[in-house]
Amino acid sequence: MIRHHFQKALYRYGWDTRCRHLPPARILKAALKGLPLGNEPMLLDIGCGQLGVAAFLPQVPVMGIDVDPPLDMAPNFTFQLGSITALPFANQSFPLVSCIDVLEHLSPQDRERGITEMVRVASDAIVVAYPQGKLAADIDEEFRRDCELHGTVFPSWLIEHQRQPYPVTANIVEQLQAAATATGRKATISLSYCEPANVSRIVRRAAARSKVLYAAVNLVFGALLALIRSPKDSNGYRAIALVELSPAGEIQQRNAR
């Protein structure tokens with residue numbers, strides 16, 4: 001029981017999960033303003049894993065979807081088995097869709113299918129976050145070498161990251177815009193970044209050396225997150241794209257004028 005509570009606290013307050021979920025959660029919370037909150041899920045969290053972004057949006061009803069069920073459920077969280085490449089939901093069935101650290105695990109072909117699917121099921125906005133390009137690839141490779149040096153087993157996520165080309169923002173933006181156009185809508189995309197590269201390197205060096213050291217460093221930097229300046233494109237491990245979607249049919253209406 002104590003271990004279970006510690007793991008939940010580490011997820012909520014540790015750097016690795018907090019820096020990944022809290023900035024997108026803030027963007028999602030702002031996007032929810034003006035939308036009436038009911039009992040039905042307002043947000044579809046694709047690739048939610050164990051708790052996903054629901055842990056950082058306790059007042060928002062969230063539907064999570066993943067290929068494996070979670071071991072625990074937050075009070076505001078419901079779950080559906082499924083894949084990003086074939087979401088089992090109707091068109092525009094969720095006001096908001098989030099997809100955090102999923103695209104990098106997919107092949108380029110599945111990545112594009114997943115983007116098409118998330119645009120299809122979103123009515124108002126999407127938040128997509130992913131390790132970006134060469135910077136993320138370099139940081140992950142440094143971590144792999146550090147694990148080798150200290151005899152640490154590679155985490156499964158690292159193996160999956162390095163199996164596929166890392167997402168490039170220009171390509172992701174182009175695919176998001178094309179997917180929106182295919183549904184008769186316009187996508188207005190704003191970019192931001194999270195997880196400064198220098199902090200990421202410190203936390204990963206600790207993880208390569210010992211689980212105890214990693215837990216301590218992870219919690220310390222998680223507590224300091226509010227004091228750490230948000231990174232830019234040049235030093236952000238992860239890009240965050242806010243995709244605001246125009247009403248369906250708007251493009252056709254403009255063309256008809």
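The values are calculated or read from the model by the stated rules, or taken from the named source; none is laboratory data. In this text the structure is predicted, and so the values were computed from the model without any measurement. With ideal geometry, Cβ positions are generated from the backbone for all residues, glycine too; neighbour counts draw on all protein chains shown.
To keep it simple, each residue is scored yes or no on (1) at negative phi; (2) in contact with a helix residue (DSSP H, G or I) (Cβ under 7 Å, 6 or more places away or on another chain); (3) modelled with pLDDT of 95 or more.
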{"site": "Phe6", "(1), (2), (3)": "yes, no, no"}
{"site": "Ala9", "(1), (2), (3)": "yes, no, no"}
{"site": "Pro23", "(1), (2), (3)": "yes, no, yes"}
{"site": "Met42", "(1), (2), (3)": "yes, yes, no"}
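When the residues of segment 61-110 are filtered to those that are assigned to a loop (DSSP other than H, G, I, E, B) and β-branched (Val, Ile, Thr), which remaining residue is surrounded by the fewest Cβ atoms within 10 Å (Cβ to Cβ)? Among those residues, the one meeting the criterion is Val67.
Scanning segment 124-154 for residues being in contact (Cβ under 8 Å) with a residue 40 or more places away in the chain, of a type in the set (Asp, Glu) and assigned to a helix (DSSP H, G or I) gives a total of 2. I'd like to check something: does segment 197-210 contain any residue that is in contact with a helix residue (DSSP H, G or I) (Cβ under 7 Å, 6 or more places away or on another chain) and closer than 21 Å to Ala31 by Cα? No.
Is one or more of the residues making up segment 22-34 part of a helix (DSSP H, G or I), under 19 Å from the mean Cα position of the chain (by Cα) and within 22 Å of Leu81 (Cβ to Cβ)?
Here is the first cut: in segment 22-34, the ones part of a helix (DSSP H, G or I) are 22-32.
Okay, now just the ones that are also under 19 Å from the mean Cα position of the chain (by Cα), so 22-32.
Imposing the further condition that a residue be within 22 Å of Leu81 (Cβ to Cβ) reduces the set to none.
No, segment 22-34 has no match at all.
Considering only residues that are of a type outside the set (Phe, Trp, Tyr), under 15 Å from Gly236 (Cα atoms) and either touching a strand residue (DSSP E or B) at 6+ places or on another chain (Cβ under 9 Å) or buried (at least 16 other Cβ atoms within 10 Å of the Cβ) (or both), which ones fall in segment 161-189?
Taking segment 161-189 and keeping what is of a type outside the set (Phe, Trp, Tyr), we get 161-165, 167-189.
From the residues that got through so far, the ones that are under 15 Å from Gly236 (Cα atoms) too are 167-169.
Pro167, Thr169 - these are the residues of segment 161-189 that are of a type outside the set (Phe, Trp, Tyr), under 15 Å from Gly236 (Cα atoms) and either touching a strand residue (DSSP E or B) at 6+ places or on another chain (Cβ under 9 Å) or buried (at least 16 other Cβ atoms within 10 Å of the Cβ) (or both).
Table: residues versus (1) without any contact (Cβ under 8 Å) to a residue 60 or more places away in the chain; (2) of a type in the set (Asp, Glu); (3) in contact with a Cys (Cβ under 8 Å, 6 or more places away or on another chain).
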residue: Pro165; (1), (2), (3): yes, no, no
residue: Gly184; (1), (2), (3): no, no, no
residue: Ala187; (1), (2), (3): no, no, no
residue: Asn198; (1), (2), (3): yes, no, no
residue: Glu244; (1), (2), (3): no, yes, no
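When Leu158 is tested against (1) surrounded by 14 or more Cβ atoms within 10 Å (Cβ to Cβ); (2) in a strand (DSSP E or B), just one condition goes unmet, and that condition is (2).
Take Val128 and decide whether it is within 21 Å of Leu32 (Cβ to Cβ) and touching a strand residue (DSSP E or B) at 6+ places or on another chain (Cβ under 7 Å). Please lay out each step first, then the result.
Details: within 21 Å of Leu32 (Cβ to Cβ): yes; touching a strand residue (DSSP E or B) at 6+ places or on another chain (Cβ under 7 Å): yes.
In short, yes.
Among the residues of segment 230-257, those identified as among the charged types (D, E, K, R) and at pLDDT 95 or above are Lys232, Asp233, Arg238, Glu244.
Considering the conditions (1) under 17 Å from the mean Cα position of the chain (by Cα); (2) under 20 Å from Leu51 (Cα atoms); (3) in contact (Cβ under 8 Å) with a residue 60 or more places away in the chain, Pro70 is excluded by exactly one of them, (3).
Can you pull out every residue in segment 77-101 that is of a type outside the set (Gly, Ala, Ser) and in contact with a strand residue (DSSP E or B) (Cβ under 6 Å, 6 or more places away or on another chain)? Full working, then the answer.
Within segment 77-101, the first condition is being of a type outside the set (Gly, Ala, Ser), and the residues that meet it are 77-81, 84-85, 87-89, 91-92, 94-97, 99-101.
Selection gives Phe77, Thr78, Phe79, Gln80, Ile84, Gln92, Phe94, Pro95, Leu96, Val97, Cys99, Ile100.
Among the residues of segment 36-89, those identified as closer than 23 Å to Ala9 by Cβ and among the acidic types (Asp, Glu) are Asp45, Asp66, Asp68, Asp72.
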